[in-house]
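Trainee: One structure, as structure tokens, below. Some questions next.
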């Protein structure tokens, strides 16, 4: 049998070995949330199960703030040139990367900064071991365990993790650290199957409980509701903070802005949000989306109309981050429900 | 950078600042590296450390070492652009997007409809047409401005009136003592356009209100939707379809435009807003 089992006692050693060539990040738990943390020592306590961390995976590749030009030249090279390895990535975030990769790598010109950050990186996925209230991945066709887009994937079972290989890079890693990987106990595969079924069921129950429509009925929902009052109604409480788009694993918009001091000028690329008033405003003041509800509608149009047209996918992963991040309690599940019901 | 960095501007020197109207100036500049563009493509013009704004060059596409953009003073960046002087340093990125498909126009009758600062991109287009004028069946230019004082390139356009390969008429919304021509919006000077509309090309460039009514009128005249070219103004920023700001339906104006065939975008929401 293939050596594809990483025991709990070897996880620390694996991360440590990985950290020789990579900047290794993994989720750790703080109170009820999980946050990515950089590997420091074998005593770190990674939280590889449960659900997605607070931050979307895109933050590693399309940085929230990055200098893209300095004085008509490329920015000074980074001091730390190590590629990134991210461990414990959940299926919803892997779907988000499909959208990010499309935008930054596969649609027209490549973005060299994203490409550099994405190059040589290692993505090690992990099954969700539970669902939280806001999880609704199944509605978007995403299962709560990675099925692709990873180099390796870890499925938590008793005493350790079953390891799946998803790429040549992943295969090479298994070979490189072969001493750490053991034969999987026979029972572990069954154990994984029943664990996956449990989480699958938990998400299904969420979908039932919150009455979330599934993507099979999403076709044309924004177009058909373009003139409906739903947008204005749903946007009533919005405070235009942009949390929903910043936290979204698929949202990719950014603002280029220039600044200078005595010695140099810089062009920065910072995350932007289509919910902000001036987002589409042109010089001279014309603004196609003056009202907040138009911008909310636009956010849904981008996710449920634009991306299906250009990439054949809905730009939502069911991760539920926007639901928990919204101070106005705008709930994407409820909006979708209303759009579908009104169709 | 292993790849070309699309966010880095080319250092350029301002050669001349020409005052065109009370609120429009033309900046003539020399980029450190020549910039070849196709007429209709745009560039991101930046004031170092201040910010960028998109403009379609109004100069000859055949000339890549000196370019011109005409800039209306409407906001923070354009106000500072108006303060530029000879010798100042600016930044240019681009060109971006698709220009006019000139080859498609050869052998056809062409109507160019321009309004206000739409004259800037259209001047570049007219230069391209003049360069191939033997290959166009007919060329009409119909242009309008708010008042006689608002015309860009006044002296130059006077010389266009002498051309044998061009039929040109101008109008103003509101005349003055010096104005001898038509008074009314640009759609009121189209009756004298004589061509086979069903096979003709219409090119529209101007402020949104002119585009909206111009497109309606041109359709009424009998032009086909896929023979109508609109130059769309949205908030183009990155220039390569990544930053999201200039989305129009399934397109980005920066990458897929700014020149669109009408039938490609006619169903887009917010098209004239």
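Read-outs: derived from the displayed coordinates by stated rules, not from any lab. Given the structure is predicted, the values throughout are model-derived calculations rather than measurements. Note that each Cβ is placed from the backbone with ideal geometry, even for glycine, and that neighbours are counted across all protein chains shown.
Trainee: Taking the Cβ of each residue in B:205, B:145 as the centre, tally the other Cβ atoms inside 10 Å and list the residues starting with the fewest.
Mentor: Arranged by neighbour count, lowest to highest, B:205, B:145 become B:145, B:205.
Trainee: When Cβ neighbours within 10 Å are restricted to other protein chains, what is their mean count per residue of peptide B:242-255? Before the final figure, lay out each step's value.
Mentor: Values: counts 13, 9, 14, 11, 2, 7, 2, 4, 6, 3, 4, 0, 1, 3.
Other-chain Cβ atoms within 10 Å of each residue's Cβ, averaged: 6.
Trainee: Given an 8 Å cut-off on Cα distances and at least 6 residues of separation, report the relative contact order of chain B as a percent.
Mentor: The normalised contact order for chain B reaches 18 percent.
Trainee: Taking each residue in A:102-109, count the Cβ atoms of any other chain within 10 Å of its Cβ, then average. What number comes out?
Mentor: Per-residue shielding by partner chains comes out at 4.
Trainee: Please report the spacing between the Cα centers of region A:247-315 and region A:101-121 in Å, no decimals.
Mentor: 19 Å
Trainee: Continuing with this model, one more query. Using the alpha carbons of the protein assembly as shown, what is the convex hull volume per residue in cubic angstrom, as a whole number? Walk me through the numbers on the way to the answer.
Mentor: Working: hull volume 106.1 nm³, N = 616.
Convex hull volume per residue, Cα atoms: 172 Å³.
Trainee: Roughly what angle does helix B:119-131 make with the longest principal axis of chain B, taking Cα atoms, 0 to 90 degrees, to the nearest 10?
Mentor: 70 degrees
Trainee: Just to compare against my own numbers: the Cα pair-distance distribution for region B:146-242, 10 Å bins, whole % per bin, please.
Mentor: Going from the shortest bin to the longest, the percentages are 13, 37, 35, 13, 2.
Trainee: Relative to the longest principal axis of the C-alpha atoms of chain A, give the angle of the C-alpha long axis of helix A:332-341, reported between 0 and 90° and rounded to the nearest 10°.
Mentor: With both axes taken from Cα atoms, the answer is about 60 degrees.
Trainee: Starting from the eigenvalues of the Cα gyration tensor, five times each then square-rooted, give me the equivalent ellipsoid semi-axes of region A:226-343, largest first, whole Å.
Mentor: Semi-axes (√(5λ), whole Å): 28, 17, 15.
Trainee: Over all distinct Cα pairs, what is the inverse of the mean 1/r for region A:95-164, reported as the Kirkwood hydrodynamic radius in Å? List each step's numbers first, then the result.
Mentor: Numbers: mean 1/r = 0.0708 Å⁻¹.
Answer for region A:95-164: a Kirkwood hydrodynamic radius of 14.1 Å.
Trainee: Moving on. Rounding to the nearest 10 and keeping the result within 0 to 90°, find how far the Cα-based axis of helix A:186-209 lies from the longest principal axis of chain A.
Mentor: Computed tilt is about 20 degrees.
Trainee: Residues of region B:222-241 with amide nitrogen under 20 Å from the 7 Å Cα-to-Cβ point of residue B:76?
Mentor: B:234-239
Trainee: Moving on to the next point. Using a 10 Å cut-off on Cβ to Cβ distances, tally the other chain neighbours for every residue of B:257-270 and report the average as a whole number.
Mentor: On the way: counts 0, 0, 0, 0, 0, 0, 0, 0, 0, 0, 1, 0, 10, 7.
For peptide B:257-270, the averaged partner shielding equals 1.
Trainee: Here's something else I'd like to know. How far is it, in nm, from the label point at residue A:193 to the one at residue B:147 when both lie 7 Å from their Cα along the line to the Cβ?
Mentor: If labels sit at residue A:193 and residue B:147, their model points lie 8.3 nm apart.
Trainee: To the nearest Å, what is the center-to-center distance of region B:118-135 and region B:207-257, using C-alpha atoms only?
Mentor: Cα centres, region B:118-135 to region B:207-257: 19 Å.
Trainee: Another question, if that's okay. Can you list the residues of region B:57-81 with backbone N under 15 Å from a point 7 Å past the Cα of residue B:30, pointing along Cα to Cβ?
Mentor: Of the residues in region B:57-81, B:64-68 have backbone N under 15 Å from the label point off residue B:30.
Trainee: Looking only at B:234, B:161, B:255, which one moves most when chain B is put into a Gaussian network model with springs between Cα atoms under 10 Å?
Mentor: Comparing B:234, B:161, B:255 in a Gaussian network model of chain B, the most mobile one is B:161.
Trainee: While we're looking at this one, here's another question. Given the options A:313, A:237, A:134, state which has the largest fluctuation in a GNM of chain A using a 10 Å cut-off (strictly under) for Cα springs.
Mentor: Highest fluctuation of the listed residues: A:237.
Trainee: Note the per residue figure in Å³ for the convex hull of the C-alpha positions in region B:10-95.
Mentor: 78 Å³
Trainee: Could you line up B:69, B:112 from fewest to most neighbouring Cβ atoms inside 10 Å?
Mentor: B:112, B:69
Trainee: Among A:164, A:127, A:44, which one shows the biggest mean-square fluctuation in a GNM of chain A, springs joining Cα atoms closer than 10 Å?
Mentor: Checking each option, the largest mean-square fluctuation is seen for A:44.
Trainee: Turning to a different aspect of this structure: For chain B, max minus min Cα coordinate along each principal axis, in Å, sorted largest first?
Mentor: Principal-axis extents of chain B (Cα, largest first): 53, 44, 36 Å.
Trainee: While we're here: From the helices alone, meaning DSSP H stretches of at least four residues, give me the mean residue ellipticity at 222 nm for the protein assembly as shown, per-run term -39500 (n - 2.57), in deg cm²/dmol to the nearest 500.
Mentor: Helices in the protein assembly as shown give a 222 nm mean residue ellipticity of -7500 deg cm²/dmol.
Trainee: Return, for the Cα atoms of chain A, the radius of gyration and Dmax in Å, separated by a comma.
Mentor: Computed over the Cα atoms of chain A, radius of gyration and Dmax are 21.3, 69 Å.
Trainee: A follow-up question, please. Return A:105, A:6 ranked ascending by Cβ neighbour count within 10 Å, so the fewest neighbours appear first.
Mentor: A:105, A:6
Trainee: Remind me, relative contact order of chain A in percent, using alpha carbon pairs under 8 angstrom and six or more residues apart?
Mentor: RCO, chain A: 21 percent.
Trainee: Now for a different question. Between residue A:342 and residue B:225, what FRET efficiency follows from the Cβ-Cβ distance if R0 is 30 Å, with the result rounded to 0.05?
Mentor: Using R0 = 30 Å, I get an efficiency of 0.45.
Trainee: According to the Cα gyration tensor, what semi-axes, each the square root of 5 times an eigenvalue, does the equivalent ellipsoid of region B:90-132 have, listed from largest to smallest in whole Å?
Mentor: 22, 15, 9
Trainee: Let me know the volume per residue of the alpha-carbon convex hull for region B:33-152, in Å³.
Mentor: 115 Å³
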